[in-house]
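Novice: One structure, as structure tokens, below. Some questions next.
The values are calculated or read from the model by the stated rules, or taken from the named source; none is laboratory data. In this text the structure is predicted, and so the values were computed from the model without any measurement. Don't worry about glycine lacking a Cβ; one is built from the backbone with ideal geometry, like all the others, and counts go over all protein chains shown. Heavy atoms of the whole protein, side chains included, go into the accessibility calculation; ligands, DNA and RNA do not. Shrake-Rupley method; radii C 1.70, N 1.55, O 1.52, S 1.80 Å.
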Amino acid sequence: MQLHRMLGLLVVSVSVTSLMFTGCTQQRNFEAEAEAQVPTTTAQPQERQANVPYVPTPEKVVDRMLQLANVSSNDVLYDLGSGDGRIPITAVQKYGASRATGIEINPELVQRSRENSQKAGVTDRVTFLQQDLFQTDLSQATVVTLYLLPSVNLQLRPKLLQELKPGTRIISHDFDMGEWKPERVERVQGSARQHTIYYWVVPENPSANLQ
């Protein structure tokens, strides 16, 4: 009788311990997944860029972004997270930008962009690079376009203010840059929803709290 009671207690103890261990393991897995999905300031730049999903900007919004930036033959445009290449191609083909560069970390999208630029006949003035945008030299840009995520915009803000020349125009689709207030905000009605466009000009002396 006593032996049966001891065996019963042993089984219960093992079962409880097993449940506790399983619960801890599941919790650690959920936390790991959440950390992998949410960009943080300690993540590597390439990981931050890879967390941005590819969602193409409607042509109507592309046009308004480039119009708002007043893109002309005097401009060198950099598109960060360039997807299928539509913004750099349109900037050169329709608005006459002297050069345009698309920065994209996804190799399949880079290949698609290059094919699209060949079809458009603008390969002499449009370049697509498979790069981490946080490692890209932006100092030659006079116009920078973005369609990233709010957290990525905030991480990118100091780089933009440090590398871009005063007077460089920055246009973001849908997401702002926190405390850096835009000079203009416009809304464009698309077929499925309303889109927001933010416009900044790099100042001569950026505020310390923005860098």
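Novice: Run the accessible area of segment 63-139 with a 1.4 Å probe and give the carbon-and-sulfur part as a rounded percent. Each step should come with its number before you reach the end.
Specialist: On the way: 1250 of 3340 Å².
Accessible surface attributable to carbon and sulfur in segment 63-139 totals 37 percent.
Novice: Within 11 Å, Cβ to Cβ, of GLN130, how many net charges do the neighbouring residues add up to if Lys/Arg are +1 and Asp/Glu are -1? Mind dumping the intermediate values first?
Specialist: On the way: positive: ARG114; negative: GLU104, GLU108, ASP132.
With Lys, Arg at +1 and Asp, Glu at -1, the neighbours total -2.
Novice: If amide hydrogens are placed 1.01 Å from N in the peptide plane, which non-local residues have theirs closer than 5 Å to the one on THR196?
Specialist: Long-range HN contacts for THR196: ASP174, VAL188.
Novice: Find out how many positive minus negative residues lie around TYR199, taking Lys and Arg as positive, Asp and Glu as negative, among other residues whose Cβ is under 9 Å from that of TYR199.
Specialist: Working: positive: ARG169, ARG184; negative: GLU183, GLU186.
Computed value for this residue: 0.
Novice: In addition: Quick one: which residues, 5+ away or cross-chain, put their amide H under 5 Å from the amide H of VAL144? H built at 1.01 Å from N.
Specialist: Excluding prolines and chain starts, which carry no amide H, the hits are TYR78, ARG169, ILE170, ILE171.
Novice: Which value, in Å², gives the accessible area per residue of segment 116-211 when a 1.4 Å probe is used on the protein heavy atoms? Mind showing how you got there, number by number?
Specialist: Values: 4710 Å² over 96 residues.
Per-residue accessible area for segment 116-211 comes out at 49 Å².
Novice: Using the Karplus equation 6.51 cos²θ - 1.76 cosθ + 1.60 (θ = phi - 60°), what ³J(HN,Hα) coupling, rounded to whole Hz, does each residue of segment 94-104 give in order, writing x for Gly and Pro?
Specialist: Values, residue by residue: 9, 10, x, 3, 5, 8, 9, 10, x, 10, 8 Hz.
Novice: What list of ³J(HN,Hα) couplings, whole Hz, do you get for segment 136-153 from phi and the Karplus terms 6.51, -1.76, 1.60, once you set θ to phi - 60° and write x for glycine and proline?
Specialist: 3J(HN,Hα) across segment 136-153, in whole Hz: 8, 6, 9, 5, 8, 6, 10, 9, 10, 10, 9, 8, 10, 9, x, 5, 6, 4.
Novice: Moving to a separate point now. If each residue of separation counts as 0.36 nm, what is the full-extension length gain between GLU59 and LYS165 once their alpha-carbon separation is subtracted? All intermediate terms of the calculation are to be shown ahead of the outcome.
Specialist: Details: separation 106, 0.36 × 106 = 38.16 nm, distance 2.80 nm.
Length gained between GLU59 and LYS165: 35.4 nm.
Novice: Right, something else. For segment 106-211, which trypsin sites (Lys or Arg not before Pro) are both in a DSSP coil and crowded by at most 13 other Cβ atoms within 10 Å?
Specialist: Numbers: sites: ARG112, ARG114, LYS119, ARG125, LYS159, ARG169, ARG184, ARG187, ARG193; in loops: ARG125, ARG193.
Passing sites in segment 106-211 are ARG193.
Novice: Dipole of segment 67-180 (Lys/Arg Cβ +1, Asp/Glu Cβ -1, origin at the Cα centre): which of SER82, LEU109, VAL71 lies farthest to the positive side?
Specialist: VAL71
Novice: Next up: By the scheme Lys and Arg +1, Asp and Glu -1, what is the net charge of all other residues having a beta-carbon under 10 Å from that of ARG86?
Specialist: Result for the neighbourhood of ARG86: -3.
Novice: Carbon and sulfur together cover what percent of the accessible area of segment 172-211 at a 1.4 Å probe radius?
Specialist: Numbers: 980 of 2370 Å².
The C+S portion of the solvent-accessible surface of segment 172-211 is 41 percent.
Novice: Okay, next question. Give a residue-ordered list of calculated ³J(HN,Hα) values for segment 73-85 (Karplus: 6.51 cos²θ - 1.76 cosθ + 1.60, θ = phi - 60°; whole Hz; x for Gly, Pro).
Specialist: 5, 8, 9, 10, 9, 10, 10, 9, x, 7, x, 8, x
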